[in-house]
1. When chain B is modelled as a GNM with alpha-carbon springs shorter than 10 Å, which of B:E58, B:E42, B:E15 fluctuates the most?
2. May I ask you to compute the full-extension gain from B:Y39 to B:A70, defined as 0.36 nm times their residue separation minus their alpha-carbon distance, rounded to one decimal in nm?
3. Using only alpha carbon pairs under 8 Å that are at least six residues apart, calculate the relative contact order of chain B and give it in whole percent.
4. Would you mind working out the magnitude of the charge dipole of chain A relative to its Cα centre, with +1 at each Lys and Arg C-beta and -1 at each Asp and Glu C-beta, to the nearest 20 Debye?
5. Around A:L43, what is the net charge, scoring Lys/Arg as +1 and Asp/Glu as -1 over all other residues with Cβ under 10 Å from its Cβ?
6. What are the residues whose amide H is under 5 Å from the amide H of B:A94, where those residues sit 5 or more places off or on another chain and H is modelled from the backbone?
7. For the range B:1-105, treating each Cα as an identical point scatterer without solvent, what Debye log10 I(q)/I(0) comes out at q = 0.19, 0.22 1/Å?
8. Under 18 Å between alpha carbons, and skipping anything fewer than 8 positions from B:K110 in its own chain: which lysines qualify?
Amino acid sequence: NAGVTQTPKFQVLKTGQSMTLQCAQDMNHEYMSWYRQDPGMGLRLIHYSVGAGITDQGEVPNGYNVSRSTTEDFPLRLLSAAPSQTSVYFCASSYSFSGSKQETQYFGPGTRLLVL
Amino acid sequence: DQQVKQNSPSLSVQEGRISILNCDYTNSMFDYFLWYKKYPAEGPTFLISISSIKDKNEDGRFTVFLNKSAKHLSLHIVPSQPGDSAVYFCAASAQNNDMRFGAGTRLTVKP
């Protein structure tokens, strides 16, 4: 199993440009999520999905869109990049996320994004 | 507002000694707590977790303690090894599918 893969590893954008961060998992996990990591802030949840066709907002969703057309893929779209979106982005997946029991989340290696 | 706080950005211990990493939370709805470990240029990896119905969970050299009345949890690593040097994140989740992370503590274990 490849686990959770993310592409690209590194990206430089200009303000106003759009792009899609790709995330895929081959573990047949239902739950997938996107986080951003900023210095002194830890990881903050952007969007998550509990299954194909179902997405919801996390703590910091503004400026990002997601969709989940298949179980395997969960792309994150930046519609109009801003310098405040400079961060490291992590995708994660788990078998389920059911109430009080958080199944172990597996994280991808991250995408480092710089917006100029 | 940061609902999960790790007030020590860094910790340095000698190999073989105990490492104690602390975490405080403010949201009483959190009912599941986790610790993740992160090496540079890698994603976080799950280390250990504890449900709110327990006050202690042990896995080898790693033990997590939960004090619900104080809204505090801690991770003990005994004995500490140089390979434990990493950033440790505390995380908490409630029943709304939302997970909150602390800012992380960088642990350095000196040989």
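We did not get these values from a lab; they are worked out from the coordinates using the rules stated. Owing to the predicted nature of the structure, the values given are computational and were not obtained by experimental measurement. For neighbour counting, all protein chains shown are included, and Cβ atoms are generated from backbone atoms with ideal geometry for every residue, glycine included.
1. B:E42
2. Working: separation 31, 0.36 × 31 = 11.16 nm, distance 2.98 nm.
The span from B:Y39 to B:A70 would gain 8.2 nm if fully extended.
3. Working: 271 pairs, mean separation 41.6, N = 111.
Rounded, it is 37 percent for chain B.
4. Values: 8 positive and 8 negative charges, 79 e Å.
Dipole of chain A, to the nearest 20 debye: 380 debye.
5. Details: positive: A:R36, A:R44, B:K38, B:R100; negative: A:D38, A:E59.
Overall, the nearby charge balance is +2.
6. B:D31
7. Log10 I(q)/I(0), no solvent term: -0.92, -1.22.
8. Hits, sequence-local ones excluded: B:K37, B:K38.
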